[in-house]
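Note sheet for the following structure.
Nothing in this text is a laboratory measurement; each read-out follows from the coordinates by a stated rule. Predicted, not measured: the structure shown is a model, and the values here were computed from it. Here the Cβ is made from the backbone with ideal geometry for all residues, glycine too, and neighbour counts use every protein chain on show.
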Amino acid sequence: MFMIDAHIHADCRPYEDFEQMAVAGIESAVTLAHDPLPMSASAVVLDHFHHMLKNDRKRATENGVELYVALGVHPRSICPDVEVVLERLPALLQEEKVVALGEVGLETTSPEEQEIFKKQLQIAEDLKKKVVVHTPRTNKWEVTQKTLYIIEESINPKLVQLDHVDHSIIDLTREFGGQMGLTVQPLKVTPSEAVELLTEYGCDGFSLDSDMSSSPSDPLSVPKTVHQLKLGGFSDKDIKLVSKKNAARFYGI
Ligand SMILES: [Zn+2]
């Protein structure tokens, strides 16, 4: 069965990971902008974007994984001259293989984070571009509540995927009207916890991702979760929805 990993950070991963993913049946993945370095200036952020578009796409493609890209200013990547990045963003979002704005959102809910998040949601709303929104590890419930409030005020929620959804915030996210990303990662949600969540809430509106980065991660999170879903008796239709179709529909890939 072919799968999509709906949220990765390809720039942090070795060449060999892409081969492993392809062998395990992952045909496509979406790599998102984040905070791989201290983003001291707009030039660093823009170099990060160009590296994703050029080098990472090439490394993945050479191993048989079609890599799509999301670009945006992560809340931990706000540089002093961030306005330069925001000015360039609308044009960059039109580049080939760029399927979304992301990942963006709130980490601490500081006024600066809120301002940059709102400005980027406005860009996405104007361009009718999809947005991938991060939720943090610390104060997750409170920050997610604020994040959803800003989304509701700023953008059609159908354009939004809220990521790193787990048991602690599912009460907030179930009714928000967009897609929910289930990040299966060591120290976050295990494959069997993902199965529990999907058993309880169904597969509609969920996509699976590894969020693989320089933190503890597993490039095979999605196939391992699919394996657990099969063992758990999920139908092929539901497995396909959560491991491919929902992500394909959201990103238009
Ligand atoms: Zn991420």
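With charges set only on the Cβ (+1 for Lys and Arg, -1 for Asp and Glu), what does the dipole of the chain come to about its Cα centre, in debye to the nearest 20?
That gives the chain a dipole magnitude of about 540 debye.
Would you mind computing Rg(Cα) / (2.2 N^0.38 Å) for the range 60-213, counting N as its residues?
Normalised Rg, Cα atoms only: 1.04.
Starting from the Cα of Lys244, draw a straight line to each of the aspartates and glutamates and keep only those under 15 Å, dropping any in the same chain fewer than 8 residues away.
Asp5, Glu27, Glu66, Asp204, Asp209, Asp236
If the cut-off is a Cα-Cα distance under 18 Å, which aspartates and glutamates reach Lys146, setting aside same-chain residues fewer than 8 apart in sequence?
Straight-distance partners of Lys146: Glu103, Glu107, Glu112, Glu113, Glu115, Asp163, Asp166, Asp171, Glu175.
Put +1 on the Cβ of each Lys and Arg and -1 on the Cβ of each Asp and Glu in the range 135-201; which of Pro157, Pro136, Gly178 then has its Cα farthest toward the positive end of the dipole?
Pro136
Please give, to one decimal in nm, the separation of the simple spin-label points placed at Glu66 and Asp236, each 7 Å out from Cα toward the Cβ.
2.1 nm
Work through the residues other than Asn156 whose Cβ is under 13 Å from its Cβ and net out their charges, Lys, Arg +1 and Asp, Glu -1.
0
In whole angstrom, how far apart do the alpha carbon centroids of the range 180-224 and the range 60-102 sit?
The range 180-224 and the range 60-102 have Cα centres separated by 23 Å.
Can you tell me the dipole magnitude for the range 1-129 around its Cα centre, using point charges on the Cβ only (Lys, Arg +1; Asp, Glu -1), in Debye to the nearest 20?
200 debye
Of the peptides 93-100, 124-131, how do they stack up when ordered by the mean number of other Cβ atoms within 10 Å, highest first?
124-131, 93-100
When you count, for each residue, the other Cβ atoms within 10 Å and take the mean per peptide, how do 5-13, 229-237, 73-81, 192-200 rank with the highest first?
With the highest mean Cβ count within 10 Å placed first, the list reads 5-13, 73-81, 192-200, 229-237.
For a 30 Å ceiling on Cα separation, which of these pairs sit above it: Lys118/Lys237; Lys130/Lys188; Lys58/Lys237; Lys97/Lys158?
Long pairs (Cα-Cα over 30 Å): Lys118/Lys237; Lys58/Lys237.
Find which of Tyr201, Leu148, Gly102 sits farthest along the positive direction of the dipole of the chain, computed with +1 on the beta-carbon of Lys and Arg, -1 on that of Asp and Glu, about the Cα centre.
Tyr201
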